[in-house]
Amino acid sequence: SWFARNYPNASNADWVAWFSTFTLPQPLPEPPKGFRVLIDPGHWAANPTDAKREGRLLPAQLPNGKQDTLYEAMLNLHTAFLLKDLLEEKGYLVQLTRNKPGSSLGMTFMDWFQNHRFQTLALALKEGIVDENTAQQLKKTARPDRWHPALFHHMDLWYRIHKAKNFQPHVVISIHFN
């Protein structure tokens, strides 16, 4: 499973036990008909390497005392799934900006870097996300660490905004465990 690959020291039962400790402070009200909620599980790491690149590795002690290292993007995503289920049970219309590990672009950083960075750069230049000078500098380097701060993160955020505009939510909830 995804848990087993990314968190070898923790079983699914460990995580389910930990997540089950979350409760809402009061019952959720019934929503008005058609009330839309967009949930943005923050960050984009799809694996420990990306989490390290993003600077979002977190030490964790599970309820059973096991030590583990997790990454914030995973914690945010699974919290978003729990919140989505709770809201949908009450009748809210809910959409996530990402619904699997990785960026809102639907890929890992390295997938993007190896296969899509130049197409993304052209779009970013057209949309004004980067200027011509930055675009020329990026075209000259094959170092992944030069691309993330300059472009990947901005494109991930841009796509989250694009999803929000298309869904037209009444409320946006951004989940982070900084």
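The values are calculated or read from the model by the stated rules, or taken from the named source; none is laboratory data. Bear in mind that the values here come from a model prediction, so they are computed numbers and not experimental data. Here the Cβ is made from the backbone with ideal geometry for all residues, glycine too, and neighbour counts use every protein chain on show. Ligands, DNA and RNA are stripped out before the accessible areas are found, and what is left, the full protein with its side chains, is counted by its heavy atoms. Shrake-Rupley method; radii C 1.70, N 1.55, O 1.52, S 1.80 Å.
Of all residues in the range 87-99, which are open to solvent by 70 Å² or more (accessible area, probe 1.4 Å) and touching a residue at least 24 places away in the same chain (Cβ under 8 Å)? Show your work before the answer.
In the first step, residues of the range 87-99 are kept if they are open to solvent by 70 Å² or more (accessible area, probe 1.4 Å); the result is 88-89, 93, 99.
Scanning the range 87-99 gives a single hit, Leu93.
Can you find even one residue in the range 41-60 that is open to solvent by 60 Å² or more (accessible area, probe 1.4 Å) and closer than 18 Å to Ser174 by Cβ?
So far as the range 41-60 goes, yes, one or more of its residues are open to solvent by 60 Å² or more (accessible area, probe 1.4 Å) and closer than 18 Å to Ser174 by Cβ.
Of (1) of a type outside the set (S, T, N, Q); (2) assigned to a helix (DSSP H, G or I); (3) within 27 Å of Leu57 (Cα to Cα); (4) at pLDDT 85 or above, Val172 satisfies all except one. Which?
(2)
Go through (1) touching a residue at least 12 places away in the same chain (Cβ under 8 Å); (2) surrounded by 15 or more Cβ atoms within 10 Å (Cβ to Cβ) for His116 and report which single condition fails.
With (1) touching a residue at least 12 places away in the same chain (Cβ under 8 Å); (2) surrounded by 15 or more Cβ atoms within 10 Å (Cβ to Cβ) applied to His116, the lone miss is (1).
Among strands (runs of 3 or more DSSP E) lying entirely in the range 54-116, which contain 1 or more residues that are among the hydrophobic types (A, V, I, L, M, F, W, C) and under 25 Å from Phe167 (Cα atoms)? Outline the logic, then answer.
On the way: elements: 57-61, 67-71, 93-96.
Filter on the range 54-116 gives 93-96.
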